[in-house]
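K.L.:
Got a structure for you, questions after.
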Amino acid sequence: MVGLQRESRSFHDLGDVQQALDGFFPALTYAAVGRARVLVRMDVATADRFSILDSAWSVPGTAVTDSSDLTVIASGGRAYRLSHGRTEIDPRQSFLAPAEGLAATWETHHASVVVLDLASVEAIARAASGDPSLRLRRTGIAPSSPELATYWSTVLRGIRTTLDESPEILAEPMLAEATFRHLATAFLHAFPTNWLENADGRPGGSAVVRRAVDFMHAHAGEPITVTDVAAAAHISTRGLHFAFTRELGEPPVQMLRRIRLDGVHADLVAAGPETTVSAVARRWGFAHLQRFAEAYRRAFGENPSETLRRG
């Protein structure tokens, strides 16, 4: 699939609703409660290797489903309850749908669903772990920490903004790859899988790397250095470099630069008519504009001025 495809539909028939959801939840069993008139609204954005579904249900109902891909759900509603077996799920935060047995009941509810292609995320996890035989599996439902839940939400919000304002970027292979990799990396850090468990057992430990990445995202717009990041993660600068190289395959300075480039990109996409590339670049800590422009082209496949003109 090339680029981004969008579809918005309203449904008044239960069979049509279930058929429309088959691509997201192949094993879905849905039933309406009572004789209320069915009204379901769905907005779908489908890209290469990931999809985002937003839905609103004004009819009481129940559902039980499995999830074959990696599916992150944020939802809410009136008299809305979620469970997995005997475990109640807090619907106030995003959660990783279990492989089977997710059950819900509601009077009304709304949901935002992100579906990531399992094989593609698994390939990124294998590269990051250095284990070519890794088979990615869920080990929990709730985000790994409140900070990483916020990190996931921030990344997803930025990608949603980009898709709304510049959907054509996903027609460019390099930009589509960068977008998916950003989303997949955020997922791997934010939600519990055996990749995180395996990483925790290595020297330096994933917990250290997660603290460092959280700090980078929280302070990337400030004049922090790798020394500051190491101090926040409670490790030496050398130890941080070793942990990043072993777990993520890149040094911390490269991760920090990439996060700042993502910040520049997001600001340029949302920029007003008075904005200049140099002002945005300097705001994110890039003092040498020529080196910045070269790094930006490598990351996003176009000049920063081109992003600004499209914004």
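The values are calculated or read from the model by the stated rules, or taken from the named source; none is laboratory data. Predicted model, so just to flag it, every value in this text is computed and none were measured. Note: ideal-geometry Cβ built from the backbone for every residue, glycine included; neighbour counts use all protein chains shown. Surface accessibility is based on the protein's heavy atoms, side chains included, excluding ligands, DNA and RNA. Shrake-Rupley method; radii C 1.70, N 1.55, O 1.52, S 1.80 Å.
K.L.:
Cut-off 20 Å, label point 7 angstrom out along Cα-to-Cβ of THR275: give me the residues of segment 236-262 whose amide nitrogen falls inside.
P.N.:
Those under the cut-off are 257-262.
K.L.:
Tell me the angle of helix 205-219 to the major Cα principal axis of the chain, expressed in degrees between 0 and 90 and rounded to the nearest ten.
P.N.:
80 degrees
K.L.:
Who wins for biggest fluctuation among PHE11, PHE25, PHE95 in a Gaussian network model of the chain, springs between alpha carbons below 10 Å?
P.N.:
PHE11
K.L.:
At 0.36 nm per residue, and after removing the present C-alpha to C-alpha distance, how many nm does the segment from VAL253 to ASP13 gain when stretched out fully?
P.N.:
Details: separation 240, 0.36 × 240 = 86.40 nm, distance 5.35 nm.
Here the answer is 81.1 nm.
K.L.:
Over segment 266-311, what percent of the accessible surface lies on carbon and sulfur atoms, probe 1.4 Å? Please report the intermediate quantities before stating the final value.
P.N.:
Working: 1330 of 2650 Å².
Carbon with sulfur: 50 percent of the solvent-accessible area.
K.L.:
Given charges of +1 on the Cβ of Lys and Arg and -1 on the Cβ of Asp and Glu, with all other atoms neutral, how large is the dipole of the chain about its Cα centre, in debye to the nearest 20?
P.N.:
Numbers: 32 positive and 35 negative charges, 107 e Å.
For the chain, the charge dipole is close to 520 debye.
K.L.:
Using 1/(1 + (r/R0)^6) with R0 = 22 angstrom and r between the beta carbons of ALA56 and GLU107, what's the FRET efficiency to the nearest 0.05?
P.N.:
Values: r = 13 Å, r/R0 = 0.58.
With a Förster radius of 22 Å, E is 0.95.
K.L.:
Tell me, in nm to one decimal, what length is gained between ARG6 and ARG297 on full extension, where the rule is 0.36 nm per residue of separation less the Cα-Cα distance?
P.N.:
Numbers: separation 291, 0.36 × 291 = 104.76 nm, distance 2.75 nm.
Gain on stretching ARG6 to ARG297: 102.0 nm.
K.L.:
How many angstrom separate the Cα center of segment 215-262 from the Cα center of segment 112-151?
P.N.:
20 Å
K.L.:
Helix 289-300 against the longest principal axis of the chain: what's the angle in degrees, Cα atoms only, rounded to the nearest 10?
P.N.:
Tilt relative to the chain: about 30 degrees.
K.L.:
Further question: Given labels modelled 7 Å from the Cα in the Cβ direction, how far is it in nm from ARG138 to ALA218?
P.N.:
2.8 nm
K.L.:
Taking 0.36 nm per intervening residue step and subtracting the Cα-Cα distance, what contour gain separates ALA31 from ASP43 on full extension? Walk me through the numbers on the way to the answer.
P.N.:
Working: separation 12, 0.36 × 12 = 4.32 nm, distance 2.08 nm.
Stretched out fully, the ALA31 to ASP43 stretch lengthens by 2.2 nm.
K.L.:
Which one, PHE11, VAL253, SER236, projects farthest toward the positive side of the charge dipole computed for the chain from Cβ point charges (K/R +1, D/E -1)?
P.N.:
SER236
K.L.:
So what is the calculated 222 nm ellipticity per residue for the chain, using -39500 (n - 2.57) for each DSSP H run with n of 4 or more, over all residues, to the nearest 500 deg cm²/dmol? Mind dumping the intermediate values first?
P.N.:
Working: 12 runs with 143 residues, N = 311.
The helix contribution divided over the chain gives -14000 deg cm²/dmol.
K.L.:
What nm value, rounded to one decimal, do you get for the distance between ALA99 and MET174 when each label is placed 7 Å out toward the C-beta?
P.N.:
Using points 7 Å along Cα→Cβ, the separation is 3.9 nm.
K.L.:
How much accessible area per residue does segment 163-304 have, counting only protein heavy atoms and a probe of 1.4 Å, in square angstrom?
P.N.:
Numbers: 6440 Å² over 142 residues.
On a per-residue basis, segment 163-304 sits at 45 Å².
K.L.:
Counting only the backbone N, which residues of segment 122-152 are under 12 Å from the spot 7 Å out from the Cα of THR87 toward its beta-carbon?
P.N.:
In segment 122-152, the label zone of THR87 (backbone N under 12 Å from the point 7 Å along Cα→Cβ) covers 138-144.
K.L.:
OK, next. Using the Cα centre of the chain as origin and beta-carbon charges of +1 (Lys, Arg) and -1 (Asp, Glu), tell me which of GLY77, SER305, THR227 is placed farthest towards the positive end of the dipole.
P.N.:
Final value for the positive-end residue is THR227.
K.L.:
Just to be sure I understand the model, the point goes 7 Å from the Cα along the line to the Cβ. What's the resulting SER236 to SER153 distance in nm?
P.N.:
3.8 nm
K.L.:
Continuing with the same structure: Helix 118-129: angle to the longest alpha-carbon principal axis of the chain, degrees 0 to 90, nearest 10?
P.N.:
Computed tilt is about 30 degrees.
K.L.:
So, with +1 on the Cβ of K and R and -1 on the Cβ of D and E, and no other charges, what is the size of the charge dipole of segment 248-311 about its Cα centre, to the nearest 20 debye? Provide the component values of the computation, followed by the final result.
P.N.:
On the way: 10 positive and 7 negative charges, 26 e Å.
Charge dipole of segment 248-311: 120 debye, to the nearest 20.
K.L.:
To the nearest 20 debye, what is the magnitude of the charge dipole of segment 131-177 about its Cα centre, counting +1 on the Cβ of each Lys and Arg and -1 on the Cβ of each Asp and Glu? All intermediate terms of the calculation are to be shown ahead of the outcome.
P.N.:
On the way: 5 positive and 7 negative charges, 87 e Å.
The calculated dipole for segment 131-177 is roughly 420 debye.
K.L.:
With a sphere of radius 13 Å drawn around the Cβ of GLU172, what net charge do the other residues whose Cβ falls strictly inside it have (Lys, Arg +1; Asp, Glu -1)? Mind showing how you got there, number by number?
P.N.:
Values: positive: ARG297, ARG310; negative: ASP48, GLU168, GLU177, GLU302, GLU306.
Counting the neighbours of GLU172, the net charge comes to -3.
K.L.:
Now for a separate question. What does the charge add up to near ALA27, with Lys and Arg as +1, Asp and Glu as -1, over the other residues with Cβ less than 10 Å from its Cβ?
P.N.:
On the way: positive: none; negative: ASP22, ASP66, GLU100.
Net of charged neighbours comes to -3.
K.L.:
Where the accessible area of segment 9-109 is counted over protein heavy atoms with a 1.4 Å probe, how much of it, in %, is carbon and sulfur?
P.N.:
Values: 2390 of 4900 Å².
Accessible surface attributable to carbon and sulfur in segment 9-109 totals 49 percent.
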